[in-house]
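In what follows, a structure is listed as structure tokens, so that the remarks can point back to it.
The values are calculated or read from the model by the stated rules, or taken from the named source; none is laboratory data. Since we're looking at a predicted model, the values are computed, not measured. Cβ coordinates were reconstructed from backbone atoms using ideal geometry, including for glycine residues, and neighbour counts include every protein chain displayed. Keep in mind that these areas ignore ligands, DNA and RNA; they rest on the heavy atoms of the full protein, side chains included. Shrake-Rupley method; radii C 1.70, N 1.55, O 1.52, S 1.80 Å.
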Amino acid sequence: MRASVSDLVNSNFNPLDLIEDVVVSNDWSYNRTDNDTLYVEVGGEWCDYQLTLAWNPDFNLLQYTWTYNIKVPEKKYNLIYSLLNKINLNLSAGHFELWTDDGWIMYRNSLISFDYSSITPEKIDYILSSSLEECDKYYPTFQFLLWGDKTPKQAIEASLLETQGEA
């Protein structure tokens, strides 16, 4: 279902309709379970992510969560908390967290909009691509901490090392 100009003026507007169009154009697998929830599988540089988008029309709030395919062992929770804190200090938007019930790492953010005309396919595409970029950027950091036995500080330094020149 595509959003129309009349939807932008009234309360029937649902950004998931626009997002679904972006998802289809990217050829991502998805499942729209109801009018306000969309699940998408997105291939990243290092892994596939489960993207969950939820629209709350009462608050004009779009929430989106990217879940990594990494399960954190309970014995590493304290290290992950320290790493997540260090990472989150460097983010300009959104945050990473650990879902302790299942040990999954996720990136979460929200968009509040009272001006429906500001939610465009281009903005949605930007939100999704920049979120995916953040997730991919920190994937090696989690790997270094969880399986490379690095400290949180070492994991960030090792994963964000920028090379210069060509080999």
Charge sum, other residues only, whose C-beta stays under 13 Å from Leu145's C-beta, Lys/Arg counted +1 and Asp/Glu -1 = +3
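Under a 1.4 angstrom probe, counting protein chains only, how are Leu111, Leu51 ranked by accessible area, largest first? If you can, show how the numbers build up before the last one.
Details: Leu111 35, Leu51 0 Å².
If we order Leu111, Leu51 from most to least accessible, we get Leu111, Leu51.
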Enter the accessible area per residue of the range 32-167 (Å², integer; probe 1.4 Å; all protein chains in place).
-> 58
Length gained when the stretch Asp27-Trp99 is fully extended (0.36 nm per residue, less Cα-Cα span) | 23.1 nm
When the accessible area of the chain is computed with all protein chains present and a 1.4 Å probe, what percentage of it is carbon and sulfur?
-> 48
By how many degrees, between 0 and 90 and to the nearest 10, does the Cα long axis of helix 15-25 differ from the longest principal axis of the chain?
-> 70
With +1 at each Lys and Arg Cβ and -1 at each Asp and Glu Cβ, the charge dipole magnitude of the range 43-124 around its Cα centre, to the nearest 20 debye, comes out at 320
Report the convex hull volume per residue for the range 104-150, counting only C-alpha atoms, in Å³.
-> 73
Taking Lys75 as the anchor, which lysines have their alpha carbon closer than 16 Å to its alpha carbon, excluding any fewer than eight residues away along the same chain?
-> Lys150
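How large is Rg over Rh for the chain, taking Rg from the Cα atoms and Rh as the Kirkwood inverse mean of 1/r across Cα pairs? If you can, show how the numbers build up before the last one.
Numbers: Rg = 17.7 Å, Rh = 17.3 Å.
My calculation of the ratio gives 1.02.
Placing unit charges on C-beta atoms (Lys and Arg positive, Asp and Glu negative, everything else neutral), compute the dipole magnitude of the chain about its Cα centre in debye, rounded to 20. Each step should come with its number before you reach the end.
Values: 11 positive and 25 negative charges, 131 e Å.
The calculation lands at about 640 debye.
Once every DSSP H run of n ≥ 4 in the chain is given -39500 (n - 2.57) and the sum is divided by its residues, what mean residue ellipticity at 222 nm do you get, rounded to the nearest 500 deg cm²/dmol? Write down the numbers at each step before the final one.
Working: 5 runs with 63 residues, N = 167.
Result for the chain, helices only: -12000 deg cm²/dmol.
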Near the amide H of Leu61, under 5 Å away, which other amide H atoms are found, from residues 5 or more places off or on another chain, if H is placed in the peptide plane?
-> Asn56
Contour minus end-to-end for Lys75 and Gln50, with contour as 0.36 nm per residue of separation and end-to-end as the Cα-Cα distance?
-> 6.6 nm
Name the residues whose placed amide hydrogens come within less than 5 Å of the amide hydrogen of Tyr49, ignoring near sequence neighbours (fewer than 5 apart) on the same chain.
-> Val42, Gly43, Gly44
Relative contact order, percent, the chain [alpha-carbon distance under 8 Å, six or more residues apart] | 18
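Taking R0 as 25 Å, what FRET efficiency do you get between Glu157 and Asp136 from their Cβ-Cβ distance, rounded to the nearest 0.05?
Values: r = 18 Å, r/R0 = 0.71.
Efficiency, from the Cβ-Cβ distance: 0.90.
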